[in-house]
């Protein structure tokens, strides 16, 4: 019997995560059930060619269709639209957003939930920059760029949160809906914009230090292109919020 | 704050900064160009002239020091990466175990 009437929907956009999906589902189930929370995992697969959806279907047979919900899409569309798509099918009153590649570890989920309950926060954000939070797999150059970019964003936007580009967060469902409806950016600037609008709409926000195990950095280095689009996004938010 | 008939809205960050900048510039300029008939000690005038540059340098140094400190104290989560690797190696989560579980339940 669940200990409270709250239900947590985890939105999991996936693309080529056939290797990671069984483990992350297992970890999610383990950490939710350990504390007796009511939950569901909504897998939003963007037509992965590696068979992620088939793996998800097998997991659905094991854990049940009420726990593993499949809402695939035909091809690779943006993260923002994945969230919009997922939230439509979410039956929980709280939504977890996180990465499916195990860079975010489900063991932090109870901490998010407890902090939210304690202060009735509208949003709880996982931070890599404060408390015991941190990153694995970043070289010095990446760390400097990351800290520099975050410092600039803090000066310009004063967001009231230490990690603007992080994507491991817990939202009240109606809060997330309102934030998504008012955001216009794409990519990780979208993550920044959501957090900036939290302050704009006077929602309350708490933070949980998390560990981020970067498993793609080796394959996709941070290029000049990304830095330019980050700067553009930052300046747009500076001028419009 | 701009106030419309529908209600008040907070000024954007850009507008806030521009306001602050305009305020500071007008005060500084009027003092330095002696537009306001105020008698100031020449020592204060000596400091006032290069004040904007001083402030920029102080801000620049503070920024570099802060970023440097934060890079140096950036936590490296090696234990988290290690335990994740271990998770993959263990077999209890694998589909084989899960199928066994469904047979039992």
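The values are calculated or read from the model by the stated rules, or taken from the named source; none is laboratory data. Remember, predicted model here, so these are calculated numbers, not experimental data. Using ideal geometry, Cβ is built from the backbone for each residue, glycine included, and neighbour counts are taken over all protein chains shown.
Listed values, structure above:
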| read-out | value |
| --- | --- |
| Selection from the range A:17-37 of residues that are in a helix (DSSP H, G or I), exposed (fewer than 15 other Cβ atoms within 10 Å of the Cβ) and more than 14 Å from every other protein chain (Cβ to nearest Cβ) | A:34 |
| Qualifying positions in the range A:219-241 - within 14 Å of chain B (Cβ to nearest Cβ) and within 21 Å of the chain's Cα centre (by Cα) | A:233, A:234, A:237 |
| Lone qualifier among B:27, B:57, B:71, B:38 - being over 30 Å from residue A:143 (Cβ atoms), at pLDDT 85 or above and either surrounded by 11 or more Cβ atoms within 10 Å (Cβ to Cβ) or touching a helix residue (DSSP H, G or I) at 6+ places or on another chain (Cβ under 9 Å) (or both) | B:27 |
| Residues being assigned to a loop (DSSP other than H, G, I, E, B) and crowded, with 19+ Cβ neighbours inside 10 Å - total across the range A:38-52 | 1 |
| Every residue from the range A:101-111 that is buried (at least 20 other Cβ atoms within 10 Å of the Cβ) and away from chain B (no Cβ under 14 Å) | A:109 |
| Enumeration of residues in the range A:48-68 that are in contact with a helix residue (DSSP H, G or I) (Cβ under 8 Å, 6 or more places away or on another chain) and within 20 Å of residue A:88 (Cα to Cα) | A:56, A:67, A:68 |
| Selection status of residue B:63, within 26 Å of the chain's Cα centre (by Cα), in a helix (DSSP H, G or I) and within 14 Å of another protein chain (Cβ to nearest Cβ) | yes |
| Top-ranked residue in the range A:53-73 [being touching a strand residue (DSSP E or B) at 6+ places or on another chain (Cβ under 8 Å) and in a loop (DSSP other than H, G, I, E, B); ranked as nearest to the other protein chains (Cβ to nearest Cβ)] | A:67 |
| Members of the range A:74-98 that are more than 15 Å from residue A:171 (Cα to Cα) and either crowded, with 22+ Cβ neighbours inside 10 Å or within 14 Å of another protein chain (Cβ to nearest Cβ) (or both) | A:82 |
| When residues of the range A:1-14 are limited to those that are surrounded by fewer than 19 Cβ atoms within 10 Å (Cβ to Cβ) and touching a strand residue (DSSP E or B) at 6+ places or on another chain (Cβ under 7 Å), the one farthest from residue A:167 (Cα to Cα) | A:2 |
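For every residue, the table says whether it meets (1) at the interface with chain B (Cβ under 10 Å from one of its Cβ atoms); (2) within 20 Å of the chain's Cα centre (by Cα); (3) within 24 Å of residue A:82 (Cβ to Cβ); (4) crowded, with 18+ Cβ neighbours inside 10 Å.
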position: A:143; (1), (2), (3), (4): yes, no, no, no
position: A:156; (1), (2), (3), (4): yes, no, no, no
position: A:161; (1), (2), (3), (4): no, yes, yes, yes
position: A:173; (1), (2), (3), (4): no, yes, yes, no
position: A:181; (1), (2), (3), (4): no, yes, yes, no
position: A:190; (1), (2), (3), (4): no, yes, yes, yes
position: A:195; (1), (2), (3), (4): no, yes, yes, yes
position: A:198; (1), (2), (3), (4): no, yes, yes, yes
position: A:213; (1), (2), (3), (4): yes, yes, yes, yes
